Amino acid sequence: MVTLTLLSVAVSSLHLAPVQASAKAVTYTDVTEASSIKFRNSNSPTPDKYLIESMTGGVALIDYDGDGWPDMFLVNGAKLHSGQKDNEPLDKSAPEYWNRLYHNNHDGTFTDVTEKAGVRGSGYGMGAAIGDFDNDGFDDLLVTNYGSVILYHNNGNGTFTDVTQKTGLKTEGWMSSAGFFDYDNDGKLDLFICRYLDWGFSKNIYCGSRVEGGRSYCHPDNFKPIGSYLFHNNGDGTFSDVSARSRIAATPGKSLGVAFADFNGDGRLDISVANDSFQQFLFLNNGDGTFTENGLTAGVGYTDEGKVFAGMGTDAADVDGDGKPDIVTTALSNETYAYFHNNGDGTFSYDTNISRLGEATRLLGGWGVRIFDYDNDGWKDLFFANSHVMDNIHKTQPHLEYLQPLLLLRQVSGRFVNVSAQAGKVFAEKWASRGAAFGDLDNDGDIDVVVATCGGPAYVLRNDGGSENNWITLDLRGTKSNRDGIGARVKLTAESGRLQYATATTTASYQSGQDRRVFFGLGGEKGIREIEINWPSGTKQVLTRPEMRTIVTVTEK
């Protein structure tokens, strides 16, 4: 069997970069039609320009039947109309508004199993998160909506049960991204849920010009920030809302993206949150059930000019191979996407410009994002799914477009080089992209991508050529730790002595869930000396000389 996820690590450094070999021919091919994916996001646009219409479009990769092949879940909107009331139910009854689950048939095609699985949903959908919250060996599914969340328990027989009320997940407002992680290392997955704005239909003011350009979606500055949620897993099938006790709720924001990593090396997962036109957050885990927001002090709150930016999608991983997780966050057109380099002393450097990320993203608006090794050369690259948020932006800013192309940046000698033009015809297309999920859909050893759009199709992009370089995939199975091994820190030592690092996670991008397996690209390495896994429980496990080009199932001992 062959599979992978996306937390590989590059060894270049933006501060001390060795010479890198030229790229092999790796491209992405649009195989949506061949995959039998016929999904279309129905955001239900109205003349009232409700802000939620512009933000839906999450996607998640979940191996719901445990057969080792990632399946696909796509989030949908609901029927809206002018004059919508706050207390009016959002109609999702028509099939065009259903969320959709597609089973991976192992032959490049997918089958719609939505009705059989019982996951068509309710309410106006935003995103999805993946995690085995009850450690029964089957990954469960959380759907975020405007108004509430839905937690589906995986029954292990191809069906799901809505256990939202039973588990005590009481939420209200506008939920966006979410993620499962074990913040107290007790072996049970907890849950962080971003809330975007203090918004409702009754607060949907008129924005834009009544003369020039017409009505437009409102800027988030027009609405108040709101606190996000943290739920603790009680281990008995229920969650407790610890948002206030943990101090998460004490720092309201405008949150759209979240990623987890141990940023200060103390063995506990911290929380990085992308906020829209608001300070970015870094919640450091105090180890006593509380968090301290440290974004400003750490240097990740603002740009190097002290400005806010429209943080939407985000990811945290070791970009430069120094063993410390960095942060990459998207922004809106006329800004630049942000790269915060972890200095290892509790601070970060704003390396957006020195890495050349800034010049490549100035005119783009980013949503889905992932730090991963698309060509398996052992160096971390960046993929962005882009679009402006305003569907009429060209009327007021003719140099900008609503529909925008994807962006693929390859890391070369510590800098990011735009290789989109050489990476396939799909990069010449322009979409209203939103969420993006990354994983090895066909188990051939390289990372494929699913891009969701707002009011449009979902696209399946197959990686062609990445597996020509060597690689290894780890399928982690926790015993003392949470069953998915989320939060495990992995160090790989190649035959050459080159080190790579990863953290197991399903949380990254924008409103999307990722293939949970851990992947390393190995280039032309002749072998692997060892892989060291530091499980969340504190157990350290070493694999000696594992075989390359395979998926290795690792059970915690």
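Brief remarks on what is shown
- Under the criterion of Cα pairs below 8 Å and six or more residues apart, the relative contact order for the stretch 421-460 equals 32 percent.
- In terms of distances greater than 19 angstrom between alpha carbons, the cross-link table entries LYS324/LYS491; LYS480/LYS540; LYS79/LYS395; LYS526/LYS557; LYS254/LYS307; LYS491/LYS526 yield LYS79/LYS395; LYS526/LYS557.
- Amide H contacts under 5 Å for GLY208, placed H, 5+ residues apart: SER216
- Hydrodynamic radius of the stretch 306-419 by the Kirkwood approach over all distinct alpha-carbon pairs: 14.4 Å.
- Only Lys, Arg (+1) and Asp, Glu (-1) charged, at Cβ; the chain dipole about Cα centre in debye: 860 debye
- Each pair of Cα atoms in the stretch 212-289 enters the Kirkwood radius, and Stokes-Einstein at 4 °C and 1.567 mPa s then converts it into a translational diffusion coefficient of 89 µm²/s.
- Residues in the stretch 413-557 average 32 Å² of solvent-accessible surface per residue, probe 1.4 Å, ligands and nucleic acids excluded.
- Candidate aspartates and glutamates for bridging to LYS430, where Cα separation is under 18 Å - those fewer than 8 sequence places away on the same chain excluded: ASP30, GLU33, ASP391, GLU401
- Chain lengthening between ASN105 and TYR302 when straightened (0.36 nm per residue, less Cα-Cα): 66.4 nm
- Sorting 533-545, 365-377, 193-205 by their mean Cβ neighbour count within 10 Å, with the most densely packed peptide first, gives 365-377, 193-205, 533-545.
- The spacing between the stretch 101-149 and the stretch 359-384, judged by their C-alpha centroids, is 26 Å.
- Once the C-beta distance of THR347 and LEU403 is scaled by a Förster radius of 45 Å, the resulting FRET efficiency is 0.75 to the nearest 0.05.
- Dipole magnitude for the stretch 92-142: computed about the Cα centre from +1 point charges on Lys and Arg Cβ and -1 point charges on Asp and Glu Cβ, it is near 320 debye.
- Descending by average beta-carbon neighbour count within 10 Å, the peptides 56-65, 104-113, 129-138 line up as 56-65, 129-138, 104-113, the highest first.
- Given charges at Cβ of Lys, Arg, Asp, Glu: the stretch 231-333 dipole, positive-most of SER272, ALA298, SER255: SER255
- Cβ-defined net charge surrounding THR352, 11 Å radius [Lys, Arg +1; Asp, Glu -1]: -3
- Pairwise centroid distance, computed over Cα atoms, of the stretch 250-281 with the stretch 202-231, Å: 23 Å
- Cut-off 12 Å, label 7 Å out along Cα→Cβ of THR159, residues of the stretch 119-148 by amide N: 119
- Dipole magnitude of the stretch 372-485 about its Cα centre (Cβ charges: Lys, Arg +1; Asp, Glu -1), debye to nearest 20: 500 debye
- Computed E for SER93/ARG529 - FRET, C-beta separation, R0 60 angstrom, nearest 0.05: 0.55
- Here the stretch 471-557 exposes an accessible surface that is 44 percent carbon and sulfur, computed with a 1.4 Å probe and the other protein chains kept in place.
- Multiplying the residue separation of GLU359 and GLU468 by 0.36 nm and removing their Cα-Cα distance gives an extension gain of 36.2 nm.
- Dividing the convex hull volume of the alpha-carbon atoms in the stretch 359-417 by its residue count gives 70 Å³ per residue.
The values are calculated or read from the model by the stated rules, or taken from the named source; none is laboratory data. Keep in mind the model is a prediction, meaning the values are calculated, not measured. Cβ atoms come from the backbone with ideal geometry, glycine included; neighbour counts cover every protein chain shown. SASA here: full protein model, heavy atoms, side chains in, ligands and nucleic acids out. Shrake-Rupley method; radii C 1.70, N 1.55, O 1.52, S 1.80 Å.
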